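What follows is a set of notes on a single structure, which appears directly below.
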Amino acid sequence: MAAAVTRLWRRSSSLAQRRSLHITPRVQKAKTGAEQIWLTRQHKDPYVKAAHVQNYRCRSAFKLIEINKEHKILQPGNRVVDCGAAPGAWSQVLVDKVNALGQDPAVSVGFVLGVDLLHITPLEGATFLCKCDLTEPTTHRKIIDLLPSGQADVILSDMAPNASGIKELDHQRLVSMCLSLLDVSDTVLRPGGNFLCKIWDGGKSNLIRDKLQQRFQYVRIVKPKASRTESAEIYLLAKSHKKEKASN
Ligand SMILES: C[S@@+](CC[C@H](N)C(=O)[O-])C[C@H]1O[C@@H](n2cnc3c(N)ncnc32)[C@H](O)[C@@H]1O
């Protein structure tokens with residue numbers, strides 16, 4: 001089932017990217033029962049509809065909007081790294097929240113850097129590093145080179161590996177991807193900076209939470225309403241990086 005859904009998601013995704021929108025294609029027909037269940041759920045989902053209406057590339061935009069509304073992690077002028085950024089809905093939210101286009105002259109202008117293994121359709125106000133693996137040190141160096149002053153105020157990750165369907169294995173893979181981002185945060189995040197990452201809940205959730213608690217003043221688990229209740233997905237929010245380093 002997981003493989004069939006991933007296949008359908010990919011087909012939907014490429015079609016939607018051509019339209020610069022990541023929404024459920026109405027013309028597609030499901031080939032299997034699993035695909036039919038996925039399509040039916042997409043058609044009924046209010047966040048899919050709202051993403052269409054508000055021109056977001058996918059429904060996940062509402063997860064970030066909700067987390068930010070409650071926890072205030074983004075400010076105008078922030079330099080943000082969006083890890084696992086394709087198709088680009090979080091980057092759309094970020095361009096607005098950090099004033100990356102300078103549309104509000106009364107506040108600072110921010111910078112949005114999206115990184116993904118996949119191609120991302122260009123977005124005004126965002127810089128994209130496509131076809132880059134965030135677990136690779138070469139990608140980390142490219143991020144530092146592109147960030148103004150080589151530093152970020154916020155690192156976000158909505159990364160997700162292709163699901164194998166084996167719950168614990170998928171959980172461990174995602175945790176180890178997030179752990180490599182923690183190393184990036186030690187180098188790239190300014191003191192006081194914020195970090196948010198998605199994991200699939202499981203046996204190693206406490207391990208990553210402990211590592212965040214060593215580095216940040218405040219750590220919380222958040223599950224926005226836009227995240228499906230049946231999904232093991234949770235977000236770890238860590239605010240105010242403790243490292244002592246001269247701020248830029
Ligand atoms: C759920 S999607 C992100 C959706 C995105 N937040 C948005 O709002 O458009 C997860 C993304 O993580 C990316 N990804 C998975 N493993 C990655 C890796 N090692 N390096 C970079 N991106 C990765 C996938 O290619 C996929 O595009």
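Brief remarks on what is shown
- Computed over neighbours whose Cβ is under 10 Å from that of Ala160, the net charge equals -1, Lys and Arg +1, Asp and Glu -1.
- Solvent-accessible area, 1.4 Å probe, carbon plus sulfur percent, for the chain: 52 percent
- Within the chain: Cβ-based charge dipole about Cα centre, in debye rounded to nearest 20 (Lys, Arg +1; Asp, Glu -1): 640 debye
- Taking amide H positions as modeled 1.01 Å from N, with prolines and chain starts lacking one, the residues under 5 Å from Val112 and 5 or more places away or on another chain are Val80, Thr127.
- Extended-chain gain in nm, criterion 0.36 nm per residue less alpha-carbon gap, Gln213 and Val109: 34.4 nm
- Kirkwood hydrodynamic radius of the stretch 32-123, from inverse mean 1/r over distinct Cα pairs, in Å: 14.4 Å
- Kirkwood hydrodynamic radius of the chain, from inverse mean 1/r over distinct Cα pairs, in Å: 18.5 Å
- Karplus-derived 3J(HN,Hα), 6.51/-1.76/1.60, for each residue of the stretch 224-231, Hz, glycine and proline x: x, 4, 5, 7, 4, 4, 6, 8
- Compactness index (Cα Rg / 2.2 N^0.38 Å), the stretch 60-193: 1.03
- Looking at the chain, the accessible area is 49 square angstrom per residue; that uses a 1.4 Å probe and ignores ligands, DNA and RNA.
- Computed per residue of the chain from DSSP H runs no shorter than four, each worth -39500 (n - 2.57), the mean residue ellipticity at 222 nm is -12500 deg cm²/dmol.
- Formal net charge of residues neighbouring Gln103 (Cβ-Cβ distance under 12 Å; K, R +1; D, E -1): -2
The values are calculated or read from the model by the stated rules, or taken from the named source; none is laboratory data. Please read these numbers as outputs of a predicted model, since none were measured by experiment. Virtual Cβ from ideal backbone geometry, glycine too; neighbours counted across all protein chains shown. Accessible surface areas use protein heavy atoms only, side chains included; no ligands, DNA or RNA. Shrake-Rupley method; radii C 1.70, N 1.55, O 1.52, S 1.80 Å.
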